[in-house]
Each structure stands twice: as structure tokens, then as C-alpha cells.
Amino acid sequence: MDEQETRLYDLCFWITDDQSGNAPDSFFDIIKGFVTKAGGIIVSERIPEKRDLAYMIKKQKSAWWAEIQFRLDPAKLAGLKNTLKYEQVILRKLIVMVPERSQKREKQLQQHREKQARWQETKARMTEQEKEVQRTPVDLDTKLKEILQS
């Protein structure tokens with residue numbers, strides 16, 4: 001799948017709470033499976049976390065909030081939406097396209113972080129080298145005597 005053909009999407013959704021207190025990892029994996037089955041490539045994910053709802057949805061007062069960011073061909077998005085539409089575990093869902101400028105900004109931030117990390121490494125190496133170069137006057141005097149004696 002070519003990078004130019006695909007677009008970046010963000011899928012945000014509420015998963016029903018089964019009142020057991022356990023995270024619905026199996027449901028989350030099923031939903032990720034729907035995305036990959038539709039031809040999507042998962043870029044990042046936010047594991048489900050339990051939250052109280054502002055209002056009741058399908059007689060639920062709390063649910064699990066999760067997010068999946070993925071790349072997908074826009075022509076295949078309708079099929080994914082249709083698949084998610086009939087999934088009983090999902091209370092609410094929202095699929096939004098992440099704007100290109102956000103992607104560019106994210107790449108710029110990543111490059112900046114990498115550049116800062118390289119600078120910190122270089123700075124650390126420079127301070128180590130400076131420590132090696134710095135010598136006490138006694139060391140310099142002994143070296144000078146050794147040189148003059150030879």
C-alpha cells in the first residue's frame with residue numbers, strides 16, 4: 001500500500017462496560033482486527049481506559065474509551081464504517097481524517113526531538129572529552145620535565 005494512496009484517520013470509540021472491572025482487551029483487539037482486515041495499517045493506539053459517561057448511552061453509566069490511529073485507502077473507509085456500525089460492543093464511534101498539516105507538524109516535532117537528542121549526546125561526549133583534556137598543573141609540570149629530560 002503506497003503512502004500517497006492512504007490517508008491518516010483517527011477512530012475514537014466507547015466500548016461497553018461489562019461491570020467486571022476488567023479492561024475489554026479482547027474487544028479492543030477485535031476492533032483493531034476490523035481495521036487491519038479492511039486494509040488499514042495501525043499507526044498508534046490508546047489502550048482502553050474506564051471513564052464515567054456524561055449521560056447514559058444504552059443504559060450504561062460508564063464505558064471504556066479507546067483510540068486507534070490508522071492509515072487506510074479512502075475507498076475502503078465505507079466498508080470499515082459499515083463493519084463497525086453493527087458491532088454491539090461499540091456504544092459510540094467517531095472516525096476523523098487527520099489533516100495533512102497536522103501530520104507535517106508531527107514530523108517536524110519528531111525531527112526536532114531527534115535533533116535535540118543528538119545534540120544532548122554530542123554535548124555529553126564533549127564534556128567527557130573536556131574532562132580528559134583538563135589536567136592539573138602538577139601533571140603539566142611532570143610532563144614538561146619528562147620532555148626536557150629526553
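Readers should treat all values here as calculations from the given coordinates under stated rules, not as data from a laboratory. The structure displayed is predicted, hence computed values, not measured ones. So basically every Cβ, Gly included, is an ideal-geometry build from the backbone, and we count neighbours across all protein chains shown.
Could you please rank VAL35, VAL96, VAL43, VAL89, placing first whichever residue has the fewest other Cβ atoms within 10 Å of its Cβ?
Placing the least packed residue first, the sequence is VAL96, VAL43, VAL89, VAL35.
If you fit an axis through the alpha-carbon atoms of helix 137-149 and take the longest principal axis of the Cα set of the chain, what angle between them do you get, 0 to 90°, nearest 10?
50
For Cα extents along the principal axes in Å, pick the label among [x] 69, 54, 27; [y] 92, 41, 24; [z] 49, 46, 28 that corresponds to the value derived from the coordinates.
[y]
Arranged by the count of other C-beta atoms within 10 angstrom, fewest first, what order do LYS81, LYS115 take?
With the sparsest Cβ surroundings first, the list reads LYS115, LYS81.
When a footprinting reagent is the concern and you count Cβ atoms within 10 Å, what order do PHE27, PHE34, PHE70 take, fewest first?
Neighbour counts put them in this order, fewest first: PHE34, PHE27, PHE70.
Helix-derived [θ] at 222 nm for the chain: sum -39500 (n - 2.57) over DSSP H runs of at least 4, divide by residue count, nearest 500?
It lands at -15500 deg cm²/dmol.
Could you run the Karplus curve 6.51 cos²θ - 1.76 cosθ + 1.60 with θ = phi - 60° over the stretch 64-78 and give me ³J(HN,Hα) per residue in whole Hz, x for Gly and Pro?
The phi angles translate into 9, 9, 9, 9, 9, 9, 8, 9, 7, 5, x, 5, 8, 5, 4 Hz.
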